[in-house]
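Heads up, the thing below is written out as structure tokens.
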């Protein structure tokens, strides 16, 4: 068998997109390696009113972080786009000003991507009870401090100067855009692999390790043997790609958005809705996430603990490390904890969420005396930035100082985003893919 021209490692969001783009050239042999299930996901597990990540879920990879925290990621064709909440927001326009591409190119990338991913905002008549009260509360308030003195601007006061104002989030209420169709997630597998006349060769690969000499990668070792190739494209997600990079590059710095949860017991059962339909972005860079119900309603086997409102620090991420182990599965992960400044920012915003939940707008939803703030912040599952564009990797994803290796997933995001990273990861993968096929 001839050696492949390109091996793409990871068939999640970035990997499906890049492999599909590369395979359009019939003269190029593209091998897509994936450790999880190789079948395109069935609709039964992609309903937006569920998170199929419970114990024993087939399409879930669980890692244990050094601090004892459970890290859940999607695995198999489509990766986390099959099992996540379907949140598909761009960052704020200003978030991309330091990126190595022009804002025009970034905007064009999103405009090309969003129809392919069937991204659309939730409409008024789709909002659940908690989301409706959340928007009513914030729309009625004057600008005020939410997490820092710079404050919060009402939607009517936003300065929208971008060409496509409805698609760019900004300070204030942002209706979540979701990759969906007919009540189901529209995954990257649906968008880029399903039903294509041609595509990459797909093969199971576990126990992976990169092969080569110092400064050059020449192939990959799998449980099935050695695969030599012209080029390796890493798309295994920030943590998965980091596990493969760390033995080559040494310990890597990674980033995560910390999140504090404010919980309450509802007065009665809530309508089933997608998990996250509306968010508030504040000037200080806090994202307040109005979850639709108790997470136990979405994850089988999870004990009930109350309906949540998340308070995430998007501009002061935690700093963690990925250290090499014996192989990609033995890597040491530490995603860090928020510093004192970040804890204070989230505590200030969480206190105002408590005020919100005790307001008249929520009186019909919140059982009195049940509002409580978690003492220990959690994580947003947004790891990013181990080999950022512009400093550790080039505009085409090539890792500086290493020949034969590119990275195309969240590992290359070069700075904080004030929205979750999924849409930006795919936009980034699309921009890199354009450079590889041009």
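The values are calculated or read from the model by the stated rules, or taken from the named source; none is laboratory data. Being a predicted model, the structure only gives us computed values, none of them experimental. Cβ coordinates were reconstructed from backbone atoms using ideal geometry, including for glycine residues, and neighbour counts include every protein chain displayed.
Do we find that residue 247 is in contact (Cβ under 8 Å) with a residue 40 or more places away in the chain, touching a strand residue (DSSP E or B) at 6+ places or on another chain (Cβ under 8 Å) and in the same structural domain as residue 392 (by TED's automatic domain parsing) in this structure? Explain how you work it out, then say what you get.
Details: in contact (Cβ under 8 Å) with a residue 40 or more places away in the chain: yes; touching a strand residue (DSSP E or B) at 6+ places or on another chain (Cβ under 8 Å): yes; in the same structural domain as residue 392 (by TED's automatic domain parsing): yes.
Criteria met by residue 247.
Which is modelled with pLDDT of 85 or more, under 30 Å from residue 116 (Cα atoms) and in contact with a helix residue (DSSP H, G or I) (Cβ under 9 Å, 6 or more places away or on another chain), of 139, 180, 203, 175? So that I can check it myself, show each step before the final result.
Values: 139 fails: under 30 Å from residue 116 (Cα atoms); 180 fails: in contact with a helix residue (DSSP H, G or I) (Cβ under 9 Å, 6 or more places away or on another chain); 203 fails: in contact with a helix residue (DSSP H, G or I) (Cβ under 9 Å, 6 or more places away or on another chain).
Checking each option against the conditions leaves just 175.
Within the range 64-71, does at least one residue satisfy the condition of being closer than 19 Å to residue 413 by Cβ and either in the same structural domain as residue 303 (by TED's automatic domain parsing) or in contact (Cβ under 8 Å) with a residue 12 or more places away in the chain (or both)?
From the range 64-71, those closer than 19 Å to residue 413 by Cβ are 71; that's our starting set.
Restricting the remaining residues to those that are either in the same structural domain as residue 303 (by TED's automatic domain parsing) or in contact (Cβ under 8 Å) with a residue 12 or more places away in the chain (or both) gives 71.
Checking the range 64-71: at least one residue is closer than 19 Å to residue 413 by Cβ and either in the same structural domain as residue 303 (by TED's automatic domain parsing) or in contact (Cβ under 8 Å) with a residue 12 or more places away in the chain (or both).
Yes or no: residue 410 farther than 20 Å from residue 253 by Cα, in the same structural domain as residue 72 (by TED's automatic domain parsing) and within 17 Å of the chain's Cα centre (by Cα)?
Working: farther than 20 Å from residue 253 by Cα: no; in the same structural domain as residue 72 (by TED's automatic domain parsing): yes; within 17 Å of the chain's Cα centre (by Cα): yes.
No; evaluated as a whole, the condition is false for this residue.
Mind telling me which of the residues 57, 14, 19, 3 ends up being surrounded by 19 or more Cβ atoms within 10 Å (Cβ to Cβ), touching a strand residue (DSSP E or B) at 6+ places or on another chain (Cβ under 7 Å) and not assigned by TED's automatic domain parsing to the domain that holds residue 303? Give the steps one after another, and end with the answer.
Values: 57 fails: touching a strand residue (DSSP E or B) at 6+ places or on another chain (Cβ under 7 Å); 14 fails: touching a strand residue (DSSP E or B) at 6+ places or on another chain (Cβ under 7 Å); 3 fails: surrounded by 19 or more Cβ atoms within 10 Å (Cβ to Cβ).
Exactly one residue qualifies, and that residue is 19.
From the list 383, 433, exactly one residue is more than 17 Å from residue 246 (Cα to Cα) and touching a residue at least 40 places away in the same chain (Cβ under 8 Å). Which is it? Walk me through it before giving the result.
Values: 383 fails: more than 17 Å from residue 246 (Cα to Cα).
The conditions single out 433.
Output the residue which, of all residues in the range 323-337 that are under 18 Å from residue 253 (Cβ atoms) and in a loop (DSSP other than H, G, I, E, B), is modelled with the lowest pLDDT.
325
Kindly indicate which of 44, 19 is over 18 Å from the mean Cα position of the chain (by Cα), in a helix (DSSP H, G or I) and at pLDDT below 95. Talk me through it step by step, then tell me what you get.
Details: 19 fails: at pLDDT below 95.
Result of the check over 44, 19: 44.
For the range 94-108, which residues satisfy the criterion of being in contact with a helix residue (DSSP H, G or I) (Cβ under 7 Å, 6 or more places away or on another chain) and not in a loop (DSSP other than H, G, I, E, B)?
Within the range 94-108, 96, 103, 105, 106 meet the criteria.
Does residue 124 qualify as being under 24 Å from residue 388 (Cβ atoms), free of Cβ contacts under 8 Å to residues at least 60 places away in the same chain and surrounded by fewer than 18 Cβ atoms within 10 Å (Cβ to Cβ)?
Details: under 24 Å from residue 388 (Cβ atoms): no; free of Cβ contacts under 8 Å to residues at least 60 places away in the same chain: yes; surrounded by fewer than 18 Cβ atoms within 10 Å (Cβ to Cβ): yes.
Against the criterion (under 24 Å from residue 388 (Cβ atoms), free of Cβ contacts under 8 Å to residues at least 60 places away in the same chain and surrounded by fewer than 18 Cβ atoms within 10 Å (Cβ to Cβ)), residue 124 does not qualify.
Being assigned by TED's automatic domain parsing to the domain that holds residue 432, in contact with a helix residue (DSSP H, G or I) (Cβ under 6 Å, 6 or more places away or on another chain) and modelled with pLDDT of 65 or more, is that true of even one residue in the range 115-129?
For the range 115-129, residues assigned by TED's automatic domain parsing to the domain that holds residue 432, in contact with a helix residue (DSSP H, G or I) (Cβ under 6 Å, 6 or more places away or on another chain) and modelled with pLDDT of 65 or more: present.
Here is a yes/no grid of residues against (1) under 17 Å from residue 287 (Cα atoms); (2) in contact with a strand residue (DSSP E or B) (Cβ under 7 Å, 6 or more places away or on another chain); (3) not assigned by TED's automatic domain parsing to the domain that holds residue 128:
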residue	(1), (2), (3)
348	yes, no, no
356	yes, no, no
367	no, yes, no
424	yes, no, yes
429	no, no, yes
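For the range 22-39, enumerate the residues that are under 20 Å from the mean Cα position of the chain (by Cα) and either surrounded by fewer than 21 Cβ atoms within 10 Å (Cβ to Cβ) or part of a loop (DSSP other than H, G, I, E, B) (or both). Let's see the steps before the verdict.
Pass one, the range 22-39, residues under 20 Å from the mean Cα position of the chain (by Cα): 34-36.
Within the range 22-39, 35, 36 meet the criteria.
Can you tell me which residue within the range 286-304, out of those that are surrounded by 18 or more Cβ atoms within 10 Å (Cβ to Cβ) and in contact with a helix residue (DSSP H, G or I) (Cβ under 8 Å, 6 or more places away or on another chain), is nearest to residue 348 (Cα to Cα)?
The selected residue is 286.
Quick check on residue 420: is it at pLDDT 95 or above, under 27 Å from residue 74 (Cβ atoms) and part of a loop (DSSP other than H, G, I, E, B)? Quick ask: steps written out before the conclusion?
Details: at pLDDT 95 or above: yes; under 27 Å from residue 74 (Cβ atoms): yes; part of a loop (DSSP other than H, G, I, E, B): yes.
Yes.
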